[in-house]
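These notes concern the structure reproduced below.
The values are calculated or read from the model by the stated rules, or taken from the named source; none is laboratory data. Since the structure is predicted, the reported quantities are computational estimates derived from the model, not experimental observations. Cβ: placed from backbone, ideal geometry, glycine included. Neighbour counts: every protein chain shown.
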Amino acid sequence: MTQTSEIAGKASFDHIRYAQLWEDADVLCAALPQAPGKTLVSICSAGDNALAMLTLDPARVVVVDLSAAQIACLHLRIGAYRALSHPEFLELMGSRPSTQRGTLLDRATAALDAQTRDFWHARRAEVIAHGAGGVGKFERYFRIFRTRLLPLVHSRKTIDAIFVPRSKADRADFLSTRFNTWRWRLLLNFFFSRFVMGQMGRDKAFFDHVEGSVAGHVARRIEHAAVDCDPSQNPYLHWILKGTHGDIVPMPWRAEHYATIRDRLDRLDIRQGALEAFIQDGDKADGFNLSDTFEYMSGDVFAQVYGQILSAARPQARLVYWNMMAPRRVPPRFADEVIRLTAEEDRLKALDKAFFYSDFVVEQVTG
């Protein structure tokens with residue numbers, strides 16, 4: 001598939017880029033087919049959304065990723081679900097403070113293959129310090145922001161106050177009068193610039209097709225997260241500003257889903273490679289979690305890859321994906337083959353707690 005050659009030649013895939021998923025599994029699962037027994041496909045990333053998709057009772061979830069490091073993140077979670085209690089899982093991942101992460105890591109990796117055990121043993125000290133969900137490049141980027149720069153702009157008291165439940169009007173007032181200071185705006189313009197984020201956060205190649213100011217985009221999305229949504233219910237914002245998830249955790253990490261996911265782990269079909277690992281086998285799927293993978297492609301390559309995905313989609317299959325700053329929707333040549341589920345998009349976009357993305361796309365194959 002062209003996707004492999006285009007992005008694989010520009011970005012490095014030999015390290016953990018995302019140690020946890022920064023896309024909201026609640027809205028993803030709501031957008032995918034709800035009937036049991038389906039075949040679903042997911043980009044792996046850190047593995048959290050693929051695990052969340054098991055709550056839909058599929059026949060299988062095919063998980064693909066170019067990065068062996070990202071697939072190792074999923075394997076660690078599989079080992080942890082099988083070996084740890086739910087509170088222990090949250091400690092290992094970093095969602096909760098812990099003094100026993102080394103022991104928990106040993107237990108979670110004990111039954112995994114030697115290569116995966118070695119991978120995580122090499123990162124043992126970092127897991128102990130930050131949790132397995134805090135050891136990626138993106139998480140280190142936020143940790144520098146939180147520990148070194150944010151204290152120069154806002155006090156701990158002000159940060160804590162963000163997560164006090166308020167009405168929407170009071171949230172808007174808090175943002176404008178207490179939070180959106182000139183120091184805060186200066187920090188945003190510097191730390192979330194295209195250059196700094198490309199060097200320290202996302203791979204710089206991921207911005208090749210981005211339009212507009214990255215810092216301006218982040219500022220608008222933070223306003224959405226702080227005013228339109230309730231920050232006290234946002235685990236992603238809580239991690240960025242405080243280093244844990246607080247009372248609310250991402251959907252697949254919640255207690256009510258833990259046993260269900262653990263009991264369905266054997267339905268995962270994990271494949272290293274691009275989506276061609278699924279498409280070239282002649283398989284067909286009923287739903288695709290495509291993450292924000294289209295952002296990394298030129299317009300022509302996006303159209304080609306989109307067509308290949310359609311060739312592997314059953315009638316009524318759903319394609320679900322996010323856009324941050326590179327606008328991607330069904331290419332014109334395929335407009336007659338899919339239906340845009342606008343009402344579903346708008347409803348779920350308003351609920352999306354992973355606030356960095358400007359667009360959430362839900363398209364359904366006709367037939």
For the stretch 70-106 the number of residues that are surrounded by fewer than 17 Cβ atoms within 10 Å (Cβ to Cβ) and basic (Lys, Arg) is 2
When every residue in the stretch 103-137 that is touching a residue at least 60 places away in the same chain (Cβ under 8 Å) and among the hydrophobic types (A, V, I, L, M, F, W, C) is compared, the one nearest to Ile78 (Cα to Cα) is Ala132
A careful count of residues in the stretch 59-68 that are assigned to a helix (DSSP H, G or I) and under 15 Å from the mean Cα position of the chain (by Cα) gives 0
Thr158 meets each of (1) loosely packed, with under 12 Cβ neighbours inside 10 Å; (2) assigned by TED's automatic domain parsing to the domain that holds Phe191; (3) of a type in the set (S, T, N, Q) with one exception, condition (1)
Within the stretch 294-310, restricting to residues that are in contact with a Lys or Arg (Cβ under 9 Å, 6 or more places away or on another chain) and surrounded by fewer than 22 Cβ atoms within 10 Å (Cβ to Cβ), the one that is nearest to Leu275 (Cα to Cα) is Gly307
Is it the case that Phe119 is modelled with pLDDT under 95, surrounded by 20 or more Cβ atoms within 10 Å (Cβ to Cβ) and either in a helix (DSSP H, G or I) or touching a His at 6+ places or on another chain (Cβ under 8 Å) (or both)?
-> no
Checked the stretch 259-293 for anything of a type in the set (Lys, Arg) and surrounded by 22 or more Cβ atoms within 10 Å (Cβ to Cβ); matches are none
The helices (runs of 4 or more DSSP H) lying entirely within the stretch 255-367 that contain at least 1 residues which are out of contact with any strand residue (DSSP E or B) (no Cβ under 7 Å at 6 or more places or on another chain) and among the basic types (Lys, Arg) are 255-263, 342-349
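Residue-wise test of (1) within 22 Å of Lys38 (Cα to Cα); (2) of a type in the set (Ser, Thr, Tyr); (3) touching a Ser or Thr at 6+ places or on another chain (Cβ under 6 Å).
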residue: Tyr306; (1), (2), (3): yes, yes, no
residue: Ser311; (1), (2), (3): yes, yes, no
residue: Ala317; (1), (2), (3): yes, no, no
residue: Phe334; (1), (2), (3): no, no, no
residue: Asp346; (1), (2), (3): no, no, no
residue: Ser358; (1), (2), (3): no, yes, no
Of the conditions (1) part of a helix (DSSP H, G or I); (2) surrounded by 13 or more Cβ atoms within 10 Å (Cβ to Cβ); (3) of a type outside the set (Val, Ile, Thr); (4) modelled with pLDDT of 95 or more, the single one that Arg166 does not satisfy is (1)
Only one of (1) crowded, with 17+ Cβ neighbours inside 10 Å; (2) within 24 Å of the chain's Cα centre (by Cα); (3) within 20 Å of Arg221 (Cβ to Cβ) does not apply to Val127, and that is (3)
Would you confirm, using the coordinates I've provided, whether Glu256 is modelled with pLDDT under 95 and exposed (fewer than 13 other Cβ atoms within 10 Å of the Cβ)?
no
